[in-house]
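Readers should treat all values here as calculations from the given coordinates under stated rules, not as data from a laboratory. Being a predicted model, the structure only gives us computed values, none of them experimental. Positions of Cβ are generated from backbone atoms using ideal geometry, with glycine treated the same way; all protein chains shown enter the neighbour counts.
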Amino acid sequence: MAEPSWQLIQEDRLVGMLVEKEVDMFWTDCHFVPGPGWDDLRPLFETSRDAWRSGDEEAAVEADEAIYARGLVLVPVAGGAPLTEFLLRINGDKARFRY
């Protein structure tokens, strides 16, 4: 059986694919494969990551809000309701989200 996976979509652009690797209580850890829309959003995710790592919670929350404002949607590849309200972290080929 294939692992659950989601298309990360912004409007009509594929930002990337997330393939589930592990579920850890609230977070779903995934392998991330960038799509054609990734380069435009990468700086936002890097800003969020760097702010959380440095302990700058205010900047981290601002970055997360900027990501959320981009209208990203996680669409299950196997069908089902798209996720529109979630928190997403992407670092290289690793992603994690909670909804």
* Asked: Whose amide H sits under 5 Å from the amide H of residue 37, counting only residues 5 or more places off or on another chain, with H placed in the peptide plane?
  -> 14, 15
* Structure fact -> Counting only residues 5 or more apart in sequence or on a different chain, those whose built amide H sits under 5 Å from that of residue 21 are 29, 30, 31
* With a Förster radius of 25 Å, plug the Cβ-Cβ distance of residue 84 and residue 54 into 1/(1 + (r/R0)^6) and report the FRET value to the nearest 0.05. => 0.30
* In nm, give the distance between the simple-model label positions of residue 62 and residue 20, each being 7 Å from the Cα along the Cα-to-Cβ direction. => 3.6 nm
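Kirkwood Rh over Cα pairs of the chain into Stokes-Einstein at 25 °C, 0.890 mPa s: D in µm²/s?
Values: Rh = 13.6 Å.
After rounding, the answer is 180 µm²/s.
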* Asked: HN-Hα J couplings of region 88-99 from phi, Karplus 6.51/-1.76/1.60, θ = phi - 60°, integer Hz, Gly and Pro as x?
  -> 10, 10, 9, 9, x, 9, 10, 9, 8, 9, 9, 9
* Asked: So what is the calculated 222 nm ellipticity per residue for the chain, using -39500 (n - 2.57) for each DSSP H run with n of 4 or more, over all residues, to the nearest 500 deg cm²/dmol?
  -> -9500 deg cm²/dmol
* Short version: ³J(HN,Hα) in whole Hz for each residue of region 7-14, in order, from phi by Karplus 6.51 cos²θ - 1.76 cosθ + 1.60 (θ = phi - 60°), x for Gly and Pro, what are they? -> 8, 8, 10, 10, 6, 10, 9, 7
* Structure fact -> Rounded to one decimal in nm, the spacing of the 7 Å Cα→Cβ label points at residue 42 and residue 10 is 1.3 nm
* Shape call, region 1-54: gyration tensor on alpha carbons, a/c limit 1.5 -> oblate
